[in-house]
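Please read the structure below before turning to the comments.
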Amino acid sequence: MHSSPISGLIGLYELIIFVRIVLTWIPHDSEHPASQFLFKVTEPVLEPVRKVIPAMGGLDLSPIVVFIGLEFLKRIFV
């Protein structure tokens, strides 16, 4: 089965979210242009989810919800 370009873009966005998650676990310069880019690209999607599903015990669940949604979209566009 061949994947569509949209499916590929969704996969790339998932990778960007994953990198942002990893950066929260390691010390990094949040003012670095790459960090700023990751924040600007992911926050418009993560923030609305965060408003609906608040952090539980300090754990931000918004990336998990977004990953589930993106996987659903990928399956539609395959």
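Throughout, read-outs are computed from the coordinates displayed, never taken from laboratory work. Here the structure is a predicted model, which means the values were calculated and not measured. When we count neighbours, we look across all protein chains shown, and the Cβ atoms used for this are built from the backbone with ideal geometry, even at glycine.
I'm told residue 49 meets every condition in (1) out of contact with any helix residue (DSSP H, G or I) (no Cβ under 8 Å at 6 or more places or on another chain); (2) in a helix (DSSP H, G or I) except one. Can you identify the failing condition by its number?
Looking at each condition in turn, residue 49 falls short on (1).
Filter segment 30-52 down to the residues that are among the acidic types (Asp, Glu), over 10 Å from the mean Cα position of the chain (by Cα) and surrounded by 10 or more Cβ atoms within 10 Å (Cβ to Cβ) and list them by number.
47
When you scan segment 53-67, how many residues do you find that are surrounded by 10 or more Cβ atoms within 10 Å (Cβ to Cβ) and not in a loop (DSSP other than H, G, I, E, B)?
Qualifying residue count, segment 53-67: 6.
Of all residues being among the aromatic types (Phe, Trp, Tyr) and in contact (Cβ under 8 Å) with a residue 24 or more places away in the chain in segment 26-78, which is nearest to residue 12 (Cα to Cα)? Just the residue, please.
Residues of segment 26-78 that are among the aromatic types (Phe, Trp, Tyr), as a first pass: 37, 39, 67, 72, 77.
From what's left, in contact (Cβ under 8 Å) with a residue 24 or more places away in the chain: 67, 77.
On the way: 67: 12, 77: 14 Å.
Ranking the candidates gives 67 first.
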